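As structure tokens, the structure follows; a few thoughts come after it.
Each value in this text was obtained by applying a stated rule to the coordinates, not by laboratory testing. Here the structure is a predicted model, which means the values were calculated and not measured. Using ideal geometry, Cβ is built from the backbone for each residue, glycine included, and neighbour counts are taken over all protein chains shown.
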Amino acid sequence: MATPVLDKVEAESAASPYITVTFRIRRFNPEVSDAVVWEDFQVEIDPKERVLDGLHKIKWDLDGTLTFRRSCAHGICGSDAMRINGKNRLACKTLIKDLNPEKPITVEPIKGLTVLKDLVVDMEPFFQAYRDVMPFLITKGNEPTRERKQSPEDRERFDDTTKCILCAACTSSCPVFWNDGQYFGPAAIVNAHRFIFDSRDEGGEQRLEILNDKDGVWRCRTTFNCTDACPRGIEITKAIQEVKRALITRRF
Amino acid sequence: MSADTTSAIGPVEGPAYDVDNPAPYIEAPRKRTGRTPRATRGNFEMAAWLFMRLSGVVLVVLVLGHLLIQLFLDGGVSKIGFAFVAGRWASPFWQVWDLLMLWLAMLHGANGLRTVINDYAERPNTRLWLKGLLYTATVFTILLGTLVIFTFDPNIR
């Protein structure tokens with residue numbers, strides 16, 4: 001079947017969309033050396049592909065020792081948050097063409113958590129803070145015989161914070177968390193917010209008390225790093241301020 | 001596909017470590033363990049946070065008014081002298097103004113520095129010393145200033 005007239009240039013670019021991109025990756029392997037090195041990899045890649053595809057090409061074709069987390073590869077599981085060109089993002093949601101492929105693309109593990117190997121960090125402190133805010137429905141009295149009903153308006157109240165995928169991009173972009181890691185961090189507060197403002201939940205008072213802690217919401221300096229970093233577009237800083245307001249209006 | 005894998009990392013199977021010569025154990029520095037004290041300082045942090053907002057609003061009025069009177073109105077900075085201060089402090093209104101400004105500004109600044117130390121000092125010992133220095137300086141300045149305002153004698157020789 002004859003195709004309509006196609007520009008020669010267009011045809012060529014359609015034939016080979018690949019460009020050469022340099023990935024500059026922060027490598028660390030405690031079994032070999034306790035020093036951290038930056039390593040460059042040159043990869044042929046379509047600029048419409050994602051950083052995760054580049055990492056896959058490196059791991060599968062160039063250096064199988066490169067270690068990173070990823071699971072669903074479609075921005076839902078929250079496994080592959082990393083610091084790409086100095087900004088926390090999901091590797092599976094970052095397109096090469098959005099990153100200026102002319103320059104090397106730096107890929108680092110997220111900050112503030114212990115690096116175990118290459119891009120893999122110990123998420124335990126992060127999840128500990130998450131568990132500390134009791135991210136589950138707390139109710140009193142008897143179980144209802146049917147579902148717990150909620151009006152659309154009540155659902156809308158905490159809709160934004162239900163989107164969290166626990167990727168730790170926000171918490172590990174927070175300069176207060178970087179210091180001693182004792183701050184609960186944006187992600188834990190977001191997930192507390194999701195239940196504090198849920199009309200069906202009755203544990204809000206306990207959660208507010210937990211976040212009233214020395215390392216709770218009052219350490220937030222509203223730098224908006226978390227809101228900038230969130231791959232789900234959650235207004236995290238706003239959620240933290242809403243928890244602060246709830247704490248104050250509860251008292252006075 | 002060109003590969004520039006000139007690596008500073010040696011092969012994993014290399015000399016490396018074995019049972020007798022294990023790799024250095026890396027202690028997780030930010031672990032929240034059972035030994036980490038659960039902070040129960042009541043509402044102090046909330047009170048401090050609220051105080052910063054409220055004192056800030058009051059200080060805008062106090063400080064701008066102070067600067068206006070001291071530096072701009074009625075001859076500006078050239079009129080400031082012992083006599084000018086003595087004249088102002090003869091009135092209880094200005095005594096209260098200056099006293100309030102002293103206390104609020106010192107506590108506001110000290111609390112701000114306290115949060116800065118909390119955020120940036122990493123070792124507990126550094127924290128302790130910096131805060132000790134901060135609190136000493138704050139208490140000293142507040143007490144000295146208060147003493148001067150209350151015991152000010154315009155006829156001092």
Worksheet item: For the range B:44-151, what is the relative contact order in percent, using Cα pairs closer than 8 Å and at least 6 residues apart in sequence?
Response: 30 percent
Item to complete: Report, in deg cm²/dmol and to the nearest 500, the calculated mean residue ellipticity at 222 nm for the protein assembly as shown, where each DSSP H run with n ≥ 4 adds -39500 (n - 2.57) and the sum is divided by the residue count.
Response: -12500 deg cm²/dmol
Practice prompt. Identify which of A:T94, A:T145, A:T22 has the largest mean-square fluctuation in a Gaussian network model of chain A, with springs joining Cα atoms closer than 10 Å.
Written response: A:T145
Practice prompt. Would you look at the GNM of chain A, springs on alpha carbons closer than 10 Å, and say which of A:G78, A:G185, A:G64 moves the most?
Written response: A:G64
Worksheet entry | Shielding by other protein chains, B:143-155, mean Cβ within 10 Å | 0
Fill in: Largest-first principal axis extents of the Cα set of the range A:24-92 (Å)
33, 26, 22
Discussion item. For chain A, set up a GNM with springs between Cα atoms under 10 Å and report which of A:E205, A:E31, A:E102 has the largest fluctuation.
Written reply: A:E31
Worksheet entry | Whole-number Å³ per residue for the convex hull built on Cα positions in the range A:62-120 | 99 Å³
Worksheet, complete the sentence: Gyration tensor (Cα only) of chain A to equivalent ellipsoid, semi-axes in Å sorted down, yields 40, 24, 15
Fill in: For the range A:46-154, alpha-carbon Rg and Dmax in angstrom
19.4, 62
Worksheet item: A:K48 to A:T249: extension gain in nm, 0.36 nm per residue of separation minus the Cα-Cα distance?
Response: 67.5 nm
Discussion item. Please compute, for peptide B:73-79, the average count of beta-carbon atoms on other protein chains lying within 10 Å of each residue's beta-carbon.
Written reply: 0
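Do any chymotrypsin sites (Phe, Trp or Tyr not before Pro) in the range A:99-197 lie in a DSSP loop with no more than 15 other beta carbon atoms within 10 Å, and if so, which?
Passing sites in the range A:99-197 are A:F136.
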Worksheet item: Averaged over peptide A:207-219, how many Cβ atoms belonging to another chain are found within 10 Å of each residue's Cβ?
Response: 4
Item to complete: Considering Cα pairs under 8 angstrom that are at least six residues apart, work out the relative contact order of chain A and quote it in whole percent.
Response: 17 percent
Fill in: Between helix A:186-196 and chain A: long-axis angle, C-alpha atoms, 0 to 90°, nearest 10
40 degrees
Discussion item. On the Cα set of the range B:37-146, report Rg and Dmax in Å, please.
Written reply: 17.6, 58
